[in-house]
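Presented below is the structure to which this report refers.
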Amino acid sequence: MDISSFREVFAAEARDYLQSLNEDLLEFERNPQDQGTVDDMFRAAHSLKGMAGTMGFDELAEFTHEMESVLDLLRTGELQLTTEVINVLFRSVDTLELLLEQTISEEPISPYDEQVRSLKALIQHASLAPPPTTGGEHFSAELNEFNRETIKQGIAQGYQAFSVSVVLRPNTILKSVRVFTVFQALEQVATVIQSNPPIQDLDDEKFDRQFVLVILTKESAHHIRQLVEGIPEIESADVQSISLAEAGEGAEAVEQAAEETAASSDAAVSAAPIRGHRQDPLVRVETERLDKLINLVGELVISRTQVIEMVKGGEATDRMGAVDQLDRITTELQYAAMSLRMVPIKQVFDRFPRMVRDLAQSRGKEINLEIFGETTELDRSIVNQIGDPLVHLIRNSIDHGIEPKEERIAKGKPGAGTIRLNARHEGSYILIEIMDDGKGLDVNRIRDKAVERNLLPEGTKEISMGEAVNLLFQPGFSTAEIVTDLSGRGVGLDAVKAVVESLSGTISVESEPGKSTRTTIKLPLTLAIIKALLVKVDGETVAIPIQAVRENIQIESEQIKTVQQRPVIMLRNEVLPLYDLAQCLGFTPVDTSGPLPVIIVEVRGSKVGFIVEDLIGQQEIVIKSLSGIVGDIKGVAGATILGNGRIALIIDNSTLIG
Amino acid sequence: MAKTVLITDDTAFMRMTLRNVIEKNGYQVVGEASDGEEAVALYQELQPDMVTMDITMPKMDGITAIKEIMKIDPKARIIVCSAMGQKPMVLEALSAGAKDFLVKPFDAERVVESLRKIGS
């Protein structure tokens with residue numbers, strides 16, 4: 001069995017574990033008493049270690065092992081939870097994320113020794129019971145009692161007192177024995193009167209890399225330093241004189257050195273590999289808060305409209321200026337607030353290179369994926385939903401667009417196909433294009449298929465490219481001759497179109513047969529504030545999202561025809577079904593005697609006419625959901641508050657008619 | 001004049017490994033001993049600048065050999081070589097007069113550092 005086929009499963013599961021570790025750490029920091037959280041973290045690290053080991057990802061397994069050890073100490077209460085511990089753990093999760101991604105993508109592994117050392121330092125620290133605060137007090141008291149006098153006497157007898165701060169090299173083996181050689185060397189020329197940490201701790205290796213000794217000697221500081229640095233595996237030895245006046249503060253000198261130890265290990269921690277993805281100047285904001293802000297801004301927009309209407313009644317120009325200002329400020333505020341919801345489409349695009357690589361490989365095709373405009377931003381709720389449609393379209397390009405290499409070369413094309421993914425802004429819309437230089441749409445094959453599926457009458461001869469594209473979006477249409485594992489799973493382009501339309505977007509396809517296919521998705525930047533056409537229906541104001549509106553016409557009642565007992569109108573040789581919007585919404589039907597305004601709206605790909613009582617105009621509206629007491633109503637997407645304070649329903653064109 | 005080294009270890013493989021590292025770094029291996037007795041005899045005969053001394057060996061162990069050599073030459077420069085988990089023995093060897101210690105598996109850089117610092 002080839003274990004590499006589990007790689008994707010491993011990656012997905014490992015990412016889940018890391019995500020839950022992150023969440024649990026946040027929870028644990030808030031609520032350190034919760035034994036359940038720390039147990040969960042321990043299990044997550046343990047599972048991760050096991051998985052990584054099974055996959056043969058040794059770096060990951062090794063690092064997770066250290067993390068597991070720290071979590072185990074936290075679990076058993078041997079390690080006290082401090083901010084430092086939490087920080088080290090958070091950074092460790094970051095390091096793990098990096099290690100995981102590098103391992104998965106088979107990139108070179110960044111050094112992570114520093115982070116391992118931070119974890120190991122915590123493990124050593126844990127065994128330094130009793131807890132550090134009492135330990136510190138105990139230590140300084142001992143120094144005062146025992147050694148101040150000794151140092152004074154020593155200095156009086158012509159000795160010098162030094163504090164010798166020794167740092168071992170990283171990865172020193174048998175540290176306690178190394179310390180022993182330092183003692184051995186020093187004791188040839190000096191008397192060691194104090195050590196921090198205490199000798200017993202040094203012997204038990206309950207320290208990181210640094211220890212401080214207070215010695216009395218007749219040698220110079222320089223000589224002592226040379227002596228200690230002449231010992232193998234000593235990184236540095238700092239020798240400081242303790243004067244007679246300072247003898248009383250000998251304790252502080254040692255304490256200070258100990259603090260430096262802590263500071264230097266802090267520095268080591270912060271130098272740990274926190275890189276790339278964490279350096280993004282991104283702020284995590286709860287969606288709930290954002291939604292509230294958007295709502296508030298919505299109110300402000302409404303109030304602006306109210307003021308504008310009020311002032312329009314008067315004529316004072318300075319008042320108008322004030323209102324202009326309010327208009328400007330609120331507009332800016334609106335965009336600033338909206339920007340909080342905006343995320344780069346990179347989040348979605350990021351998964352495609354790997355996907356294209358894998359799919360191309362399994363199809364035996366050579367495909368280059370080019371990505372442009374990945375920093376283009378759009379509403380996060382749209383980003384969350386646009387992934388699947390894009391996946392589908394890219395799979396289509398790989399399966400049905402790009403030809404096998406030999407076929408391409410025979411056609412005089414480069415052997416490797418190209419799929420180009422491009423995102424860009426256009427007004428208040430974002431355009432996402434998926435282009436491939438494959439074989440394009442085969443109009444005749446689409447026609448044959450459509451006839452076969454009864455989507456076109458038998459014997460249809462010529463169809464245009466436009467008609468062919470429309471057929472592609474019909475439910476149940478598929479031109480794939482062999483059902484492939486991914487593209488041909490019965491989810492057609494109609495499903496893609498449905499998602500795009502649910503996001504108030506549109507989708508179009510252009511193709512040059514034999515050369516290329518370009519699919520363009522046009523989406524609004526945000527779903528929170530939209531442009532709408534306001535119409536009057538049975539005395540009520542109703543908003544129709546502008547991107548669904550094709551045109552407005554006016555008809556006379558005699559233009560209404562009947563086909564199969566259904567009212568229709570003829571518009572430029574097209575037969576369009578005609579509905580009374582009032583009736584659709586359960587209002588009193590419109591009086592059809594006079595001239596009738598009709599809004600042509602696109603409903604699930606076809607044009608439909610809706611009779612309304614009157615047109616009011618275009619306006620930006622803030623969408624308020626109707627959830628709660630009212631719930632989901634067919635044909636209604638939500639509501640908005642108008643300038644006059646009244647409520648208008650927003651039409652959901654995709655579900656308005658059955 | 002290159003500093004001279006006597007290697008003491010009961011396995012030929014370890015002697016070979018050490019010789020390789022030592023000679024590559026400009027030292028001269030003047031002899032190889034496979035147990036403590038041989039080490040003491042060769043020390044007297046060759047008077048090397050430095051000795052590497054394994055601990056666990058047949059006939060005479062490394063610690064006894066260190067003590068014997070120190071009796072002959074109190075200025076002998078002996079580097080004790082141990083496996084993991086032989087801390088008490090390493091401490092005993094250092095107390096007996098060994099100047100430094102190396103832990104197997106050997107890290108070439110550590111070996112060279114030890115020779116350089118102990119040899120100077």
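The values are calculated or read from the model by the stated rules, or taken from the named source; none is laboratory data. What you see is a predicted model; the values in this text were computed from it and never measured. Don't worry about glycine lacking a Cβ; one is built from the backbone with ideal geometry, like all the others, and counts go over all protein chains shown. Accessible surface is based on the protein model in full, side chains and every heavy atom, while ligands, DNA and RNA are left aside. Shrake-Rupley method; radii C 1.70, N 1.55, O 1.52, S 1.80 Å.
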Please find, within segment A:176-212, the residue that is surrounded by the fewest Cβ atoms within 10 Å (Cβ to Cβ) out of those that are more than 14 Å from chain B (Cβ to nearest Cβ) and aliphatic (A, V, I, L, M). A:Val189
Condition check: closer than 26 Å to A:Met355 by Cβ and within 22 Å of the chain's Cα centre (by Cα). Does A:Leu26 satisfy that? no
Which residue is farthest from the other protein chains (Cβ to nearest Cβ), if the candidates are limited to segment A:213-236 and must be open to solvent by less than 50 Å² (accessible area, probe 1.4 Å) and either assigned to a helix (DSSP H, G or I) or within 23 Å of A:Gln115 (Cβ to Cβ) (or both)? A:Ala221
Any chance you could count how many residues in segment A:595-615 are in a strand (DSSP E or B) and surrounded by fewer than 16 Cβ atoms within 10 Å (Cβ to Cβ)? 4
Across (1) within 22 Å of the chain's Cα centre (by Cα); (2) open to solvent by 30 Å² or more (accessible area, probe 1.4 Å), A:Arg420 clears everything bar (1)
Within segment B:61-76, of all residues that are within 18 Å of B:Asp35 (Cα to Cα) and outside any helix (DSSP H, G or I), the one nearest to the other protein chains (Cβ to nearest Cβ) is B:Ala76
Return yes when B:Gly36 is open to solvent by 40 Å² or more (accessible area, probe 1.4 Å) and among the small types (Gly, Ala, Ser) and no when it is not. no
Just wondering, is there one or more residues in segment A:21-32 that are open to solvent by 30 Å² or more (accessible area, probe 1.4 Å), modelled with pLDDT under 80, within 23 Å of A:Asp113 (Cα to Cα) and part of a loop (DSSP other than H, G, I, E, B)? no
Of all residues in segment A:95-112 being at pLDDT below 85 and of a type in the set (D, E, K, R), which is farthest from A:Phe10 (Cα to Cα)? A:Glu107
Of the residues in segment B:48-82, those that are surrounded by fewer than 17 Cβ atoms within 10 Å (Cβ to Cβ), touching a residue at least 24 places away in the same chain (Cβ under 8 Å) and closer than 25 Å to B:Ala2 by Cα number 3
Look at B:Pro105 and say whether it is farther than 19 Å from B:Asp35 by Cα, open to solvent by 20 Å² or more (accessible area, probe 1.4 Å), out of contact with any Pro (no Cβ under 6 Å at 6 or more places or on another chain) and within 11 Å of chain A (Cβ to nearest Cβ). yes
Would it be correct to say that A:Phe372 is assigned by TED's automatic domain parsing to the domain that holds A:Val500 and modelled with pLDDT of 85 or more? yes
Filtered residue count, segment A:591-607, keeping only those that are out of contact with any Leu (no Cβ under 7 Å at 6 or more places or on another chain) and modelled with pLDDT under 85: 8
Within segment A:613-629, count every residue that is farther than 21 Å from A:Ala337 by Cβ and either of a type in the set (Phe, Trp, Tyr) or at pLDDT 80 or above (or both). 6
Taking segment A:193-212 and keeping only residues that are among the hydrophobic types (A, V, I, L, M, F, W, C) and farther than 25 Å from A:Ser118 by Cβ, one is left with A:Ile193, A:Ile199
Would you check if B:Ser120 is within 13 Å of chain A (Cβ to nearest Cβ), modelled with pLDDT under 95 and open to solvent by less than 10 Å² (accessible area, probe 1.4 Å)? no
List every residue pair whose Cβ atoms lie under 8 Å apart, where the two residues are 6 or more positions apart in sequence or sit on different chains, the first residue falls within segment A:331-352 and is without any contact (Cβ under 8 Å) to a residue 40 or more places away in the chain, and the second residue, located anywhere, is open to solvent by 40 Å² or more (accessible area, probe 1.4 Å) and not in a helix (DSSP H, G or I). A:Ser339/A:Glu377; A:Pro344/A:Glu374; A:Pro344/A:Thr375; A:Pro344/A:Glu377; A:Lys346/A:Glu374; A:Lys346/A:Thr375; A:Asp350/A:Glu374
B:Gly85, sole failed condition from (1) out of contact with any helix residue (DSSP H, G or I) (no Cβ under 7 Å at 6 or more places or on another chain); (2) surrounded by fewer than 19 Cβ atoms within 10 Å (Cβ to Cβ); (3) at pLDDT 90 or above; (4) not in a helix (DSSP H, G or I): (3)
Could you check how many residues of segment B:1-34 are assigned to a loop (DSSP other than H, G, I, E, B) and in contact with a helix residue (DSSP H, G or I) (Cβ under 8 Å, 6 or more places away or on another chain)? 5
Could you tell me which of the residues A:Glu374, A:Glu403 is among the charged types (D, E, K, R), more than 29 Å from A:Phe477 (Cβ to Cβ) and buried (at least 16 other Cβ atoms within 10 Å of the Cβ)? A:Glu374
Within segment A:70-100, restricting to residues that are polar (S, T, N, Q) and in contact (Cβ under 8 Å) with a residue 24 or more places away in the chain, the one that is farthest from A:Ser20 (Cα to Cα) is A:Gln80
Would you pick out the residues in segment A:119-129 that are modelled with pLDDT under 85 and either open to solvent by less than 60 Å² (accessible area, probe 1.4 Å) or outside any helix (DSSP H, G or I) (or both)? A:Ala121, A:Leu122, A:Ile123, A:Gln124, A:Ala126, A:Ser127, A:Leu128, A:Ala129
Determine the pairs where a residue that is open to solvent by less than 20 Å² (accessible area, probe 1.4 Å), located within segment A:534-549, has a partner that is of a type in the set (D, E, K, R) and in a strand (DSSP E or B) with Cβ atoms under 6 Å apart, the partner being 6 or more residues away or on another chain. A:Ala548/A:Glu602
Determine which single condition A:Met55 fails, assuming it passes every other condition in (1) open to solvent by less than 50 Å² (accessible area, probe 1.4 Å); (2) over 21 Å from A:Ser110 (Cα atoms). (2)
